[in-house]
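Enquirer: Please see the structure below; I have some questions.
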């Protein structure tokens, strides 16, 4: 049994973000909802969200998909002198450059692009923040399968 | 006796009474291991599972504990998160290794 091409797209994004040198001490986690542990200052979290398919006119025709990938760039400040939103934002900038360095993800998709960005923060022992980047990737499967 | 000393005694007694012998990263610890039912809702789809956690003395928890093995009985788990309560105890969030 194989995975969908959609999971392959998510994995390609995660692989681009995992390349060395690493961007975050907490690494890149994929589709996990556990919180970033206290021992880490930064982490990148990749989620496969939803995918919508274009209508097929002729039976058996290949199908085009628009797949949403959410990437969370999480950071915590080390002290009151640091701003976690700025740290997460810088992480998001570096991470986005990684993903968009090859907008075909090695030929897996027609293109991938960021469609929305959100900045969210909170206060704890130090400030904590996440920058959420929603990517949309356009790709194609055969008419009979969603597998890669 | 200071409040902190009394608190440490209460914690130690509670773990002695309700806990069991476990191993965290190769070191013997006394921990209250709980594997309770958890029902998750995945966009309207209900799934039964277990939420696994262990409560132990914060002094027994290494700083970088995430990813370390936790053994209870013959079962081995991996530490996902450490949540100190601020009163001397820490809850480890675990998953099946």
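The values are calculated or read from the model by the stated rules, or taken from the named source; none is laboratory data. The structure displayed is predicted, hence computed values, not measured ones. Note: ideal-geometry Cβ built from the backbone for every residue, glycine included; neighbour counts use all protein chains shown.
Enquirer: I'd like the full set of residues that are surrounded by fewer than 14 Cβ atoms within 10 Å (Cβ to Cβ) and over 22 Å from residue A:114 (Cα atoms), limited to the stretch A:36-86.
Expert: Within the stretch A:36-86, A:55, A:56, A:57, A:58, A:59, A:60, A:61, A:62, A:78, A:79, A:80, A:81 qualify.
Enquirer: Give me a count of the residues in the stretch A:30-51 that are more than 8 Å from every other protein chain (Cβ to nearest Cβ) and either over 10 Å from the mean Cα position of the chain (by Cα) or assigned to a loop (DSSP other than H, G, I, E, B) (or both).
Expert: Of the residues in the stretch A:30-51, the ones more than 8 Å from every other protein chain (Cβ to nearest Cβ) are A:30-33, A:36, A:41-51.
From what is left, the residues that are either over 10 Å from the mean Cα position of the chain (by Cα) or assigned to a loop (DSSP other than H, G, I, E, B) (or both) are A:31-33, A:36, A:41-43, A:50-51.
Selection size over the stretch A:30-51: 9.
Enquirer: For the stretch B:61-77, does any single residue satisfy the condition of being over 11 Å from the mean Cα position of the chain (by Cα), exposed (fewer than 13 other Cβ atoms within 10 Å of the Cβ), within 14 Å of chain A (Cβ to nearest Cβ) and on the phi > 0 side of the Ramachandran plot?
Expert: Within the stretch B:61-77, one or more residues are over 11 Å from the mean Cα position of the chain (by Cα), exposed (fewer than 13 other Cβ atoms within 10 Å of the Cβ), within 14 Å of chain A (Cβ to nearest Cβ) and on the phi > 0 side of the Ramachandran plot.
Enquirer: Could I ask something else about it? For the stretch A:1-28, what are the residues that are under 22 Å from residue A:104 (Cα atoms) and either within 14 Å of another protein chain (Cβ to nearest Cβ) or in a strand (DSSP E or B) (or both)? Show your work before the answer.
Expert: Taking the stretch A:1-28 first, the residues under 22 Å from residue A:104 (Cα atoms) are A:2-23, A:28.
Within the stretch A:1-28, A:4, A:28 qualify.
Enquirer: Mind listing whichever residues of the stretch B:80-90 are without any contact (Cβ under 8 Å) to a residue 40 or more places away in the chain and in a strand (DSSP E or B)? Break it down stepwise before answering.
Expert: Taking the stretch B:80-90 as the starting set, the residues that turn out to be without any contact (Cβ under 8 Å) to a residue 40 or more places away in the chain are B:80-86, B:90.
Those that are without any contact (Cβ under 8 Å) to a residue 40 or more places away in the chain and in a strand (DSSP E or B): B:80, B:81, B:82, B:83, B:84, B:90.
Enquirer: Tell me which residues, restricted to the stretch B:13-46, are within 30 Å of residue A:28 (Cβ to Cβ) and part of a loop (DSSP other than H, G, I, E, B).
Expert: B:25, B:26, B:43, B:44
Enquirer: For residue B:49, only one of the following conditions fails: (1) more than 14 Å from chain A (Cβ to nearest Cβ); (2) modelled with pLDDT under 95; (3) part of a strand (DSSP E or B). What is its number?
Expert: (1)
Enquirer: Taking the stretch A:87-110, which residues are in contact (Cβ under 8 Å) with a residue 24 or more places away in the chain, at positive phi and loosely packed, with under 13 Cβ neighbours inside 10 Å? So that I can check it myself, show each step before the final result.
Expert: Within the stretch A:87-110, the first condition is being in contact (Cβ under 8 Å) with a residue 24 or more places away in the chain, and the residues that meet it are A:87-89, A:91-92, A:94-96, A:98-99, A:101-102, A:105-106, A:108-110.
With the extra rule that they be at positive phi, the set shrinks to A:105-106.
Residue satisfying the conditions is A:106 alone.
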